[in-house]
Structure formats: C-alpha cells, structure tokens
Amino acid sequence: MDSLLLLGSVSKPCWRLSFSASAKLSTATRGNHVPIRFANSSAWSTQERRYFGQLQGHLINHHITIDAEKSSFYRRADKKGLVNATSEPPFASEPESYNPNNFWRSMQSATDAFYRFSRPHTVIGTALSILSVSLLAIERLSDLSPLFFTGLLEAIVAALFMNIYIVGLNQLFDVEIDKVNKPYLPLASGEYSIGTGILIVAAFAVMSFWLGWLVGSGPLLWALSISFILGTAYSINLPLLRWKRFALVAAMCILAVRAVIVQLAFFLHIQTFVYRRPAILTRPLIFATAFMSFFSVVIALFKDIPDIEGDAIFGIRSFTVRLGQKRVFWICVYLLEMAYGVAVLVGAASPSPWSKLVTVLGHVVLASILWLNAKSVDLTNKTAITSFYMFIWKLFYAEYLLIPLVR
C-alpha cells in the first residue's frame, strides 16, 4: 500500500501518524526496527505520555521503534486538541545528482597543475626563440608560404615536447629541493605522484622524437637529441651526471641549448630542410647566437639566486651559494648591460636605416628598463628576487622580437 495510517482512537486528544510513500514497509524489512522520531517528549503532559506509551506499544507490534528524544517530527495542536505528528523520511535519501560544475572544477585543477609542471616561462621562451630564428631565414615576402608555417609548427611542437621532458625530469629529481624552493610545483606539493611525473616525462620525450622522426629533418633531430642528452645529464642523479651540482657545467648546459642549439639548428631546419637552400651563417644569425650566449649565462646564474636556501641544504654548489645573492645579482645585471651595449654597436653598423633605428633604439630602451628595475630590487626579499627573475625572462622574450629586425 502507498501509505501507512495508524489511528489511536481514545478520548481527547487523538493521535495521527502519517508516513510518506518512500517510507513504506515491505516484507523484507519485517523483523527489523525502523526508527521513527518525535519531538522532545519532556514538554508533554501526563495524559499525552500515556497516549504515547499506548501508541508506542502498538507500533512495536508492527516492528517499528520510536525515539521520542531524538525526533525530527513536529507536533502541532489545533483548536480541537488534535495533535499531528508528521514525518520526514530519515531513512530515504536521494542519490546525488550529477553536477557539471564539479567536472569543470576538476578540469581546471588538472590544467593548472600541468601548467605549473610545464614551467610556462620556459615554454614561451622556447616558442619565441624558434619563431625568431626561423624568421631570420626569410629573404623575401614570398618565403612566408604554407611550407614555412608547416615547418615552423613542426619544429615548435617537437621542441615544446622536449622542453616539457627536460623541465619535468628536473622536477622528478628535485622534489625535496623544490619543497623548500618551489613548493607550488605539482610534484613538490603532492598534486602529482612520482609515478604520474615519470609517465608525463616519458610520454613527452617519446612524442618529441616520434614527431622529429616523422618530419625527417636532420637539423630538427639533431636539436632534439642534443637537448635530450644535455637535459638528462643536467638533472638525472647517476654517477658522473647531475651536472647542475657544478655551477660552471650547469651554465654551459643552458648556454649550449638556449644560445647555440636553438639558434643554429632551427635556423638550419628552415634554411636547409624547408627551403632546400645551402647552409650559411648570416650576420643576423651570428649576432643572435652571440647575444643569446650572454643572455643564457645570465639566466643560468640568476635562476639560482631565489633558490639559495634549498640549494645550500642539499649541496648544490651554485655560484649564488658560493658567492652570495647580491654579488651574483649584479654580475647578471652587468653582463646584460654589456650585451645591450654590443647590440647597440651592431645596430649602428647596419647598412639598413630602418634596422639601424629599430635595433639601436630598442636595445637602449631595454638596457634602461633593466637598470631602473635592478636598482629597486630588495635583495633580502625572496619574492622580489623571484619577480625580477621573471622580468629577466620578459627581456629575453623582447630580445627575440628584435632579433629578426637585425639586418
């Protein structure tokens, strides 16, 4: 039956108990006590207690128990003295419905974790550098063809896959250090397990080489292979490896990849593989390689300044640990200012008036911005130092916007 109605007919007052259809009894529940709750009985009169006792005995015969002290029912007396006890079904629960917001929150959380794992400032730097040096191979407007953009896209995607492998591998072997220096990274924070990190790193290394093999470009495969070897040797903790422990060797690894491999290999990928032209070293390419050598040394030195605490604890003998934050900070600033000075001289010697104007003015502006920002940095504040390190990367991006204009 759809509902159960029990009436206790006595002289005033009378009791009425109603159940919803969702609380009906079945033969499967007989022999079990189904709890029914009333309002607190401490406020009841003597006569009400007697009626309640009679009703309780009657309900027990129907295998129902009553907890008068912990009730979710309510009583209401009307003018005729009728007291109603109405139940909300405490033992029937609705299944939790699907909430699309939970799905999107999970997706956003996963995307954010991978974003931090991929070290986005390095991803942006890699993409911009490849675009910039590829444009150096452009000799006329007709070179900006679908063939160029296809070759460029293949190179960028393969390089970004390798970039994620390298930064991910570094995090796998720096978990304990990152808990001190960069606790927001997914492996250090526990958002990613070591197994998850290994899976991501291995997958991106395989995808990078697989794409390079599909493209079939010699310079591209050369760039991926050397980056893989140096990136692995830099981080992996094996005998004679983990070169990041040695300041000079670590700086040379970063210089080799950022300054030499990126400039030469990706220029040759466009020049020889895409355009099928002979390999040549142009004036803008030589300038880009020399300038980025300075910049890569600065990045290699500066990246350790905010990390001095963790590096010192775990025996990483960086220049910052050995020389101190302030000294290394100003070495980096002076090196960059020297590089900007050379860039101004190169721009002034350009036979192209528009190239001369843009490169001279552009490097003077960047040098001035660097100096003004450097003077305002609080070297006792790790947040301020980290912020300035990100500013160095912005200067790195800006330089790659100027390099294609050097003629």
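The values are calculated or read from the model by the stated rules, or taken from the named source; none is laboratory data. In this text, all values refer to a predicted model and were calculated from it rather than measured experimentally. For neighbour counting, all protein chains shown are included, and Cβ atoms are generated from backbone atoms with ideal geometry for every residue, glycine included.
Worth a mention:
- Selection count, the stretch 379-390, where residues are in contact with a helix residue (DSSP H, G or I) (Cβ under 6 Å, 6 or more places away or on another chain) and either modelled with pLDDT of 90 or more or within 26 Å of THR282 (Cα to Cα) (or both): 1
- Odd one out for ALA158 among (1) more than 23 Å from PHE209 (Cβ to Cβ); (2) buried (at least 19 other Cβ atoms within 10 Å of the Cβ): (1)
- Residue ranges of helices (runs of 4 or more DSSP H) in the stretch 216-322 with at least 2 members over 25 Å from ASN181 (Cβ atoms) and in contact (Cβ under 8 Å) with a residue 40 or more places away in the chain: 218-235, 262-268, 283-302
- Within the stretch 272-310, the residues that satisfy the criterion of being over 25 Å from THR383 (Cβ atoms) and touching an Asp or Glu at 6+ places or on another chain (Cβ under 8 Å) are TYR275, PHE291, MET292.
- Pick from the stretch 356-407, criterion crowded, with 17+ Cβ neighbours inside 10 Å and among the hydroxyl-bearing types (Ser, Thr, Tyr), ranking: nearest to PHE302 (Cα to Cα): TYR389
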